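Asker: I have a structure here, written as structure tokens, and I will follow up with some questions on it.
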Amino acid sequence: MLATFAAFATLPLWIKGVGLYPYLGVEVMVWVIYALGFNLLLGYAGLPSFGHGAFFGVGAYAFGLAQFGVSQNLWLCLLAAILAGALAGALVASFISHRRGIYYALLTIAFGQIFWFVAIKWHSVTRGEDGLLNVKRMPADLGFVSLDLQKLENLYYFAFAIFVIVIVLLWRVVHSPFGRILSAIRQNETRARFVGHNVWLYKWLAFVLSTTVASLAGGLFCLAQQSAYPNVMSLHQSGFVVMMVLVGGGLVSFWGPVLGAVLFFLARDLLGAYTEAWLLWYGLLFMAIVLFRPEGIAGLFKATSLHARSEKPAQALR
């Protein structure tokens, strides 16, 4: 955790030296937040949601609509994004939490498509395919100081502060009794039910927590991009977060989504400079990992670490 925070805290100091740009750091942090929230559902609860982009988009639209119609206060707009994602997630989870496996996944796709269709067709609110444009980067009033988020450096460290808070909170959640029960449900839902856990409620809560984090990421995305548009709700955008989690190794490690998101954006910006088919190569990497190393890149590090420890003498282990 400290290594991750140190890398992102110092990123504006060194990122230009490797041929990239500081705003990339904001994008990566937004998607890491999104991917970690998604991994709470897929990696820990074992629930495959393939329409999760809908809630990322709900957060983005809620942020923009709150700014246009309610208040120019940054905190209220972020709160609107969080509440919108929580409410949308609670509604959807009420319909799907009694399902599992392929039926669960198909229902998430169906609801994701419904949200996307509404965003396209409800012109009077969402402005159709054009989306919400000219969203302002309002100042962040911290009481003792007001940060001008029009400045990229201030925007970066504002996003970094939220990034740190989300990671710490999610770390606590997955290592709490609640997180351990989610893992038990993933391993054997029937057994978890028979030992007395309310499986439906835990699945419902996991989905709501995941969509709340996704919508917070969507609100930050709208703030950074100064827009919200239907494409963020599309199936292929939902597929990106699945790829990030699986490539990084979210099924076996809390930090898998971080690795997956970083690799995704490095592939987009470094490979994209040479070929428009960068997503093909990332897709091939995704296929190779699913076929040969389902635990992802984080799983390789974990396996290496376990192997190294197994070589130590028994006295050292004690």
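A quick yes/no check of all residues on (1) in contact with a strand residue (DSSP E or B) (Cβ under 9 Å, 6 or more places away or on another chain); (2) closer than 30 Å to residue 184 by Cβ:
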site	(1), (2)
32	no, yes
36	no, yes
47	no, yes
50	no, yes
57	yes, no
79	no, no
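Asker: Select from region 93-139 the residues that are of a type in the set (Ser, Thr, Tyr) and within 22 Å of the chain's Cα centre (by Cα) and list them in ascending order.
Answerer: Pass one, region 93-139, residues of a type in the set (Ser, Thr, Tyr): 94, 97, 103-104, 108, 124, 126.
The answer is 94, 97, 104, 108.
Asker: Could you list, in sequence order, all residues of region 111-155 that are in a strand (DSSP E or B) and open to solvent by less than 50 Å² (accessible area, probe 1.4 Å)? Don't jump to the end; show me each part of the working.
Answerer: Here is the first cut: in region 111-155, the residues in a strand (DSSP E or B) are 132, 140-141, 146-147.
Matches in region 111-155: 132, 140, 147.
Asker: I would also like to ask the following. Those residues that are touching a Gly at 6+ places or on another chain (Cβ under 7 Å), under 30 Å from residue 147 (Cα atoms) and open to solvent by 10 Å² or more (accessible area, probe 1.4 Å), I need them from region 184-225; list them, please.
Answerer: 212, 213, 216
Yes or no, residue by residue, for (1) closer than 24 Å to residue 175 by Cβ; (2) not hydrophobic (A, V, I, L, M, F, W, C):
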| position | (1), (2) |
| --- | --- |
| 7 | yes, no |
| 20 | no, no |
| 27 | no, yes |
| 35 | yes, no |
| 49 | yes, yes |
| 52 | yes, yes |
| 59 | no, yes |
| 63 | no, no |
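Conditions tested, residue by residue: (1) farther than 23 Å from residue 32 by Cβ; (2) modelled with pLDDT of 85 or more; (3) loosely packed, with under 15 Cβ neighbours inside 10 Å.
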{"residue": "259", "(1), (2), (3)": "no, yes, no"}
{"residue": "264", "(1), (2), (3)": "no, yes, no"}
{"residue": "269", "(1), (2), (3)": "no, yes, no"}
{"residue": "278", "(1), (2), (3)": "no, yes, no"}
{"residue": "290", "(1), (2), (3)": "no, no, yes"}
{"residue": "296", "(1), (2), (3)": "no, no, no"}
{"residue": "310", "(1), (2), (3)": "yes, no, yes"}
{"residue": "314", "(1), (2), (3)": "yes, no, yes"}
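Asker: A further question follows. Here is a check on your reading of the model: is residue 106 surrounded by fewer than 17 Cβ atoms within 10 Å (Cβ to Cβ), of a type outside the set (Ser, Thr, Tyr) and within 30 Å of residue 141 (Cβ to Cβ)?
Answerer: Working: surrounded by fewer than 17 Cβ atoms within 10 Å (Cβ to Cβ): yes; of a type outside the set (Ser, Thr, Tyr): yes; within 30 Å of residue 141 (Cβ to Cβ): no.
Judged against the criteria, residue 106 is not a match.
Asker: Of all residues in region 59-86 being out of contact with any helix residue (DSSP H, G or I) (no Cβ under 9 Å at 6 or more places or on another chain) and in a helix (DSSP H, G or I), which is nearest to residue 132 (Cα to Cα)?
Answerer: For region 59-86, the residue satisfying everything is 68.
Asker: Continuing with this model, one more query. Pull out all pairs, ordered by first then second residue, where Cβ-Cβ is under 7 Å, the residues are six or more apart or on different chains, the first lies in region 127-146 and is without any contact (Cβ under 8 Å) to a residue 60 or more places away in the chain, and the second is assigned to a loop (DSSP other than H, G, I, E, B).
Answerer: Between residues of region 127-146 that are without any contact (Cβ under 8 Å) to a residue 60 or more places away in the chain and residues that are assigned to a loop (DSSP other than H, G, I, E, B), the close pairs are 146/139.
Asker: Only residues that are within 22 Å of residue 215 (Cβ to Cβ), open to solvent by 20 Å² or more (accessible area, probe 1.4 Å) and hydrophobic (A, V, I, L, M, F, W, C): list them for region 1-38, please.
Answerer: 31
Asker: Out of all the residues in region 158-177, which are aromatic (Phe, Trp, Tyr) and either modelled with pLDDT under 95 or open to solvent by less than 20 Å² (accessible area, probe 1.4 Å) (or both)? Before you say what the answer is, go through the steps one by one.
Answerer: First, the residues of region 158-177 that are aromatic (Phe, Trp, Tyr): 158, 160, 163, 171.
Within region 158-177, 158, 163 qualify.
Asker: Considering only region 52-75, state which residues are among the aliphatic types (A, V, I, L, M), farther than 17 Å from residue 38 by Cβ and surrounded by 15 or more Cβ atoms within 10 Å (Cβ to Cβ). Steps first, answer last, please.
Answerer: Step one: list which residues in region 52-75 are among the aliphatic types (A, V, I, L, M), which gives 54, 58, 60, 62, 65-66, 70, 74.
In the following step, the residues that additionally are farther than 17 Å from residue 38 by Cβ were identified as 62, 65-66, 70, 74.
Passing the criteria: 62, 65, 66, 74.
Asker: Then there is this: Being modelled with pLDDT under 95, buried (at least 19 other Cβ atoms within 10 Å of the Cβ) and not aromatic (Phe, Trp, Tyr): is that true of residue 101 here? Break it down stepwise before answering.
Answerer: Values: modelled with pLDDT under 95: yes; buried (at least 19 other Cβ atoms within 10 Å of the Cβ): no; not aromatic (Phe, Trp, Tyr): yes.
No: the conditions fail for residue 101.
The values are calculated or read from the model by the stated rules, or taken from the named source; none is laboratory data. Quantities reported herein were computed from a predicted structural model and do not represent experimental measurements. All Cβ positions, even for glycine, are placed from backbone atoms using ideal geometry, and neighbour counts span all protein chains on display. Side chains are part of the model used for accessible areas, which takes the heavy atoms of the whole protein and leaves out ligands, DNA and RNA. Shrake-Rupley method; radii C 1.70, N 1.55, O 1.52, S 1.80 Å.
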